[in-house]
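> Dropping a structure here in structure tokens format, bear with me for questions.
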Amino acid sequence: MAAQRIITLTTDFGLTEHYVGVMKGVIYSIHPDAQIVDITNAVQSFDILDGAIAISQSYSYFPVDTIHVVVVDPGVGSARRPILARVGQHFFIAPDNGVLSLVYEAEERISVRHITSEHYFRQPVSNTFHGRDIFAAVAAYMSKGVETAKFGEEIADFTRFVAPKPKAVAPNSWKGIVLKTDKFGNLITNFTPRDVPQITSGNFKLTLGKAEITKLRSSYAEGAQGEIFAIIGSSGFVEISTNRGAASRVAGADKGSEVTLVME
């Protein structure tokens, strides 16, 4: 059973360079029967929060005991630690830089190990490509059935951060931000119905860039073409969208832009 574990890849390497292919080559060299799935290799370069969002919105759709390799690693070659985490019913191999923070936030069961067993590394280890020499290699050995305890000791001081949350600024007013802009130009905010349940009533005004949004739609197609509106996206966040257009251009906003919500 252990030998059939899926390995997923979430990286900021893109697909125009050879990096992702090389990581897969290392995995197949160690475990020719490995199953590898790309979640995304288009995380924004060096953007740990973007990587954290990508993996947190994806991992739970995979089978129990899947091994998730997450490489968004601007500190590669520094003192930051490579880690192997058991979170809920999944495994994660990543740099200890907070990229797993949103996964930690979603689960109660967390066990993190500092990967120190160089026997399982590809040698020599490059100071600039731990994705190849450490993370991919360790994932391959894990998928073959090597027990997690063999890779290193448990640690308690692993790195985590709290994702930005909406802040109440008045009895019926909150400020939030755009967490990311997807390839369609949808502006994904940090508002959720859980944080601000009143938003589902539809009696609100969202101000973002040069746009004011007062409509909540249940699907993209429900909005008139060119209309800018709010929608609860598939990952549970409030998105600012347009039907067959880029809300980011219409609103003149992007990742990091401030969003104001007022209930009316």
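The values are calculated or read from the model by the stated rules, or taken from the named source; none is laboratory data. These figures come from a predicted structure and were not determined experimentally. Glycine also receives a Cβ, built like all others from the backbone with ideal geometry; neighbour counts cover every protein chain displayed.
> Looking for whichever is in contact with a His (Cβ under 8 Å, 6 or more places away or on another chain), hydrophobic (A, V, I, L, M, F, W, C) and assigned by TED's automatic domain parsing to the domain that holds Val71 here; the options are Ile27, Ile39, Ile6. Which one fits?
Ile39
Okay, residues lined up against (1) hydroxyl-bearing (Ser, Thr, Tyr); (2) exposed (fewer than 13 other Cβ atoms within 10 Å of the Cβ); (3) outside any helix (DSSP H, G or I); (4) touching a Leu at 6+ places or on another chain (Cβ under 7 Å):
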{"residue": "Ala221", "(1), (2), (3), (4)": "no, yes, yes, no"}
{"residue": "Ser241", "(1), (2), (3), (4)": "yes, no, yes, no"}
{"residue": "Asp254", "(1), (2), (3), (4)": "no, no, yes, no"}
{"residue": "Val259", "(1), (2), (3), (4)": "no, no, yes, yes"}
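> If you scan the stretch 112-121, which residues turn out to be in contact with a helix residue (DSSP H, G or I) (Cβ under 8 Å, 6 or more places away or on another chain) and either of a type in the set (Phe, Trp, Tyr) or within 15 Å of Gly88 (Cα to Cα) (or both)?
Arg113, Tyr120, Phe121 - these are the residues of the stretch 112-121 that are in contact with a helix residue (DSSP H, G or I) (Cβ under 8 Å, 6 or more places away or on another chain) and either of a type in the set (Phe, Trp, Tyr) or within 15 Å of Gly88 (Cα to Cα) (or both).
> Would you be able to say whether some residue in the stretch 158-167 is crowded, with 22+ Cβ neighbours inside 10 Å and modelled with pLDDT of 95 or more?
Scanning the stretch 158-167, I find no residue that is crowded, with 22+ Cβ neighbours inside 10 Å and modelled with pLDDT of 95 or more, so the answer is no.
> From the list Lys165, Lys210, pick out the single residue that is without any contact (Cβ under 8 Å) to a residue 40 or more places away in the chain and farther than 18 Å from Glu264 by Cβ.
The match here is Lys165.
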